[in-house]
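To keep things clear, I will list the structure first and then write my remarks on it.
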Amino acid sequence: MINNSSANNKANYMSKDSSKEKHKLRLLWKERRKNISLNSCDRYEKFFIKNFKKAVGTFKNKIIAGYNPINHEVNCLKLLNFASKEGSKIALPYTNKNKILEFREWNFDDPLKKDTLGILSPPSKKIVIPDVIIIPLLCFDLNGTRLGMGLGIYDRSLPFYELSDKYGLAFSDQKTEKLIREDHDFLIDGVITEKNFLSFERKKN
């Protein structure tokens, strides 16, 4: 006979241990990402765009969602600018009061206002369903697991965009060994780096 109480306690301990380990990893990778970013050079931009093209394929008439970079994240706006010139509609995330991302259509001339997390986002309420979502991260592994900032915003939001391709954007040196994955961690479809486009087998979460 299974002791449900013991099983639940064990799961809670494992969850606490995983949270502690992830916290340590975040502190480590925040500093690593900062150093990688500060030591990167402008010539990487063309390589990111080259691999962005590999990931997306045809740009015309697609909706590409990215993010407004903070804390030494790879500058996604340069990729979005390229996509716009190639005929894509562009969207940026807005975190609503339920801490779920809405992707709102945006043009580069449009003003931005802070959302509920204080991140500059489109004030427009024209919500779209992107064909491609570009996602920031601290580090990633080759199983499609990403380590984010710990708020769970993307993990909660991405399941609502089942038909969208979901790609991380990172420097190649942000790749790490197998990360801890908990049930709520959403697997991504690939990662765009300055060296290549890594496509993972589509994972069903």
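Once the stretch 96-121 is narrowed to residues that are closer than 20 Å to N71 by Cβ and part of a loop (DSSP other than H, G, I, E, B), the residue that is farthest from the chain's Cα centre (by Cα) is L112. The set of residues from the stretch 141-159 being closer than 10 Å to K175 by Cα and in contact with a Ser or Thr (Cβ under 7 Å, 6 or more places away or on another chain) comprises just one member, D141. Within the stretch 78-111, the set of residues being within 21 Å of S157 (Cα to Cα) and of a type in the set (A, V, I, L, M, F, W, C) comprises L80, I90, A91, L92, I100, L101, F103, W106. Here the stretch 42-61 is the region considered, the condition is being of a type in the set (V, I, T) and assigned to a helix (DSSP H, G or I), and the residue that is nearest to I134 (Cα to Cα) is V56. Among the candidates K114, K97, the residue that is exposed (fewer than 14 other Cβ atoms within 10 Å of the Cβ) and under 25 Å from R33 (Cβ atoms) is uniquely K114. Here T116 meets each of (1) in contact with a Ser or Thr (Cβ under 7 Å, 6 or more places away or on another chain); (2) modelled with pLDDT of 95 or more; (3) not acidic (D, E) with one exception, condition (2). Can you find a residue in the stretch 167-177 that is free of Cβ contacts under 8 Å to residues at least 24 places away in the same chain and not in a strand (DSSP E or B)? Scanning the stretch 167-177, I find no residue that is free of Cβ contacts under 8 Å to residues at least 24 places away in the same chain and not in a strand (DSSP E or B), so the answer is no. Each residue in the stretch 176-205 was checked for being touching a strand residue (DSSP E or B) at 6+ places or on another chain (Cβ under 6 Å) and surrounded by fewer than 17 Cβ atoms within 10 Å (Cβ to Cβ), and 1 of them qualify. Within the stretch 72-84, residues that are of a type in the set (D, E) reach partners that are crowded, with 19+ Cβ neighbours inside 10 Å and in a helix (DSSP H, G or I) with beta carbons closer than 8 Å, at six or more positions or on different chains, in the pairs E73/R33. You will find that of R181, R156, the residue that is closer than 17 Å to K22 by Cβ, over 10 Å from the mean Cα position of the chain (by Cα) and not in a loop (DSSP other than H, G, I, E, B) is R156 and no other.
With respect to the conditions (1) over 14 Å from V56 (Cα atoms); (2) of a type outside the set (D, E); (3) assigned to a loop (DSSP other than H, G, I, E, B), P130 falls short on a single one, namely (1).
Under the condition of being of a type in the set (G, A, S) and surrounded by fewer than 23 Cβ atoms within 10 Å (Cβ to Cβ), which residue from the stretch 125-161 is modelled with the highest pLDDT? Restricting to residues being of a type in the set (G, A, S) and surrounded by fewer than 23 Cβ atoms within 10 Å (Cβ to Cβ), the top hit is S157. Could we say that I90 is in contact with a Ser or Thr (Cβ under 7 Å, 6 or more places away or on another chain) and without any contact (Cβ under 8 Å) to a residue 60 or more places away in the chain here? Against the criterion (in contact with a Ser or Thr (Cβ under 7 Å, 6 or more places away or on another chain) and without any contact (Cβ under 8 Å) to a residue 60 or more places away in the chain), I90 qualifies.
The values are calculated or read from the model by the stated rules, or taken from the named source; none is laboratory data. Everything numeric here is computed off the predicted structure, so don't read it as measured data. Here the Cβ is made from the backbone with ideal geometry for all residues, glycine too, and neighbour counts use every protein chain on show.
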